[in-house]
């Protein structure tokens, strides 16, 4: 009788788009992360390693190689951040409409992999390089929401923080490995950029193969008739999700782009320009080590609460930069806070948003949240670049710190009834 009732309960959960209940057996099963989540983490690991091999030196190249100023850097950072926004919506909607998030994710990862073959072809052409990067960002935009929907639909609600923490830790391991591998190749083969590009393509192709052969799409019953643009917009305008989107956008608007932070750390800490490409490794290492513990903490204390606390850590990093303190300890402290911010916010936001969205519209709803955040961050990068072009960057960080403090308070007020989730 017990087996029959629990099997019926699992069937009902699957029909609703939720994973089967894994709380039996002393909840040991619920403590495990599904094979789908681990496989998706490995896909992200090799894909990020592939991408970061190429992009690690961009800030150094743009600022010191091309001599761009803060205004131009802000425009490029805004383009880089916001280029995927609308494509995230398209990728999420198509994944829900077809009921095949895995297939849409494969298309996105495959598109990004193919761009690695285009890098040697464009040579030193800035317009060609920009076009290749734009296509790569398009692939990222298409795949992100379906991938996060796969994670959400493969995991019990009570363990979503842990699952996203595992995925983000593996993802960030790739971001840490990529620059190291790229520098190792260039050191061993001076001028061997074609070798870097070829290696990048091979890694990206491996990621696609892992996704195709080792990721299992959850069994969900999707009524395609209900997966329309109107249904997606209706889900996105539900009161709880609407407040979340507004709060995430406000916080994204006052989040300074990573390139600005690394460049400011390098200058205020008195570090040589050659160290600039290595600064993201400090953030990535912290993110990788903290992602899983923070994911578990989010499941215990409330995901929105941890999300806001993460922005409090970012606020502390801004204040250190605004203080114009010098020294390597200051640089290390900023990078530590920056990495902890990502660990407390990136996957945690998706873990919080997932249960607020009906299963048949999970990818679409997640794409709406991601798009609002991405567009806000793009606008914030452009605003920061414009301000820093007229006043000292340290003063701009101080102004953004004040705005971030106000946004944190607004986020706590907007979602004041949801902090325990």
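The values are calculated or read from the model by the stated rules, or taken from the named source; none is laboratory data. No experiment lies behind these values; they were computed from the predicted model shown. Every residue, glycine as well, gets a Cβ built from its backbone with ideal geometry; the counts of neighbours run over all protein chains shown.
Do we have residue 297 as in contact (Cβ under 8 Å) with a residue 40 or more places away in the chain, part of a helix (DSSP H, G or I) and farther than 26 Å from residue 378 by Cβ here? When the stated conditions are applied, residue 297 passes them. Residues of segment 304-349 being free of Cβ contacts under 8 Å to residues at least 24 places away in the same chain and within 18 Å of residue 408 (Cβ to Cβ), which ones? Within segment 304-349, 316, 320 qualify. Residues in segment 377-385: is at least one under 26 Å from residue 95 (Cβ atoms) and crowded, with 19+ Cβ neighbours inside 10 Å? So far as segment 377-385 goes, yes, one or more of its residues are under 26 Å from residue 95 (Cβ atoms) and crowded, with 19+ Cβ neighbours inside 10 Å. Out of all the residues in segment 359-378, is one or more in a helix (DSSP H, G or I), out of contact with any strand residue (DSSP E or B) (no Cβ under 8 Å at 6 or more places or on another chain) and more than 27 Å from residue 137 (Cα to Cα)? Among the residues of segment 359-378, not one is in a helix (DSSP H, G or I), out of contact with any strand residue (DSSP E or B) (no Cβ under 8 Å at 6 or more places or on another chain) and more than 27 Å from residue 137 (Cα to Cα), which makes the answer no. Taking first residues from segment 382-410 that are within 22 Å of residue 326 (Cα to Cα) and partners that are modelled with pLDDT of 90 or more and outside any helix (DSSP H, G or I), the Cβ contacts under 7 Å between residues at least 6 apart in sequence or on separate chains come to 400/254. Among the residues of segment 91-108, those identified as surrounded by 18 or more Cβ atoms within 10 Å (Cβ to Cβ) and farther than 19 Å from residue 371 by Cβ are 102, 106. Residues in segment 346-358 that are part of a helix (DSSP H, G or I) and surrounded by 24 or more Cβ atoms within 10 Å (Cβ to Cβ): 347, 348, 349, 350, 351, 352, 353, 354. Looking for something touching a helix residue (DSSP H, G or I) at 6+ places or on another chain (Cβ under 7 Å), part of a loop (DSSP other than H, G, I, E, B) and touching a residue at least 60 places away in the same chain (Cβ under 8 Å) - is there at least one such residue anywhere in segment 265-283? There is at least one residue in segment 265-283 that is touching a helix residue (DSSP H, G or I) at 6+ places or on another chain (Cβ under 7 Å), part of a loop (DSSP other than H, G, I, E, B) and touching a residue at least 60 places away in the same chain (Cβ under 8 Å). Within segment 194-217, the presence of a residue that is modelled with pLDDT under 75, part of a helix (DSSP H, G or I) and farther than 22 Å from residue 282 by Cβ is excluded. Does residue 179 satisfy the criteria of being in contact (Cβ under 8 Å) with a residue 24 or more places away in the chain and either touching a strand residue (DSSP E or B) at 6+ places or on another chain (Cβ under 8 Å) or surrounded by fewer than 24 Cβ atoms within 10 Å (Cβ to Cβ) (or both)? For residue 179, the condition - in contact (Cβ under 8 Å) with a residue 24 or more places away in the chain and either touching a strand residue (DSSP E or B) at 6+ places or on another chain (Cβ under 8 Å) or surrounded by fewer than 24 Cβ atoms within 10 Å (Cβ to Cβ) (or both) - is met.
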